[in-house]
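The values are calculated or read from the model by the stated rules, or taken from the named source; none is laboratory data. Given the structure is predicted, the values throughout are model-derived calculations rather than measurements. Methodologically, a virtual Cβ is constructed for each residue, glycine included, from the backbone with ideal geometry; neighbour enumeration extends over all protein chains shown. We work out accessible area using only protein heavy atoms, side chains counted, and drop any ligands, DNA or RNA first. Shrake-Rupley method; radii C 1.70, N 1.55, O 1.52, S 1.80 Å.
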Amino acid sequence: MTIAQLRAVLAILRVDPSGSEGVHRGPADEQADLVSLLHRVISGELQQLAAAATAPAPAPALLDAAAHSAHATAALLALSRRPEGAAAEDRWQGALYDLGTAYHLLNDEYIGRANSVTAPMITPRVLESACAADASATR
C-alpha cells in the first residue's frame, strides 16, 4: 500500500497517525511506521474480540490465531528496521512463537472442521482417496 492509502485507511478507522511517527529517513520509513500503526490497531481489535468471546467459553481458535499473527506481524515489522541486541533476539523468538502458535491453531481448526460445511471441498484425505480411486479405475 502507498503512504496515501495507509493514511486513508487510518483516517477511516479514525486513527491519528501523527503521534506514532518517528524521525523518517525516507518514504520507506514513514510507510513502515504507518503499517506498524495499522497492525497495532488491528491486533488490538482482535484481542478485544477474543477477550469478549472468552467470557463464557474459550476464545475461538481462528480469532486467537489472528491475534497471534498480528503480534508476529508487528514483531517482523520492527525487525525490518534491523535492530540489534537482546531486544531484536526477543522479537525474533516472539515472532517465531506467535507464527508457530497461529499455524497450530489453524491446523487444528482445519482438521477439526474437515467434515463440516465450512471446510474446503477437497481436503488432503479426500484428494488422496480420489487419486487412489482414479488410479485403480484406470488399471
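Here are the numbers for the structure shown:
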{"item": "Förster radius 25 Å - calculated FRET efficiency between S18 and E89 (Cβ-Cβ, nearest 0.05)", "result": "0.20"}
{"item": "Largest-first ordering by accessible area, 1.4 Å probe, given options I3, I42", "result": "I42, I3"}
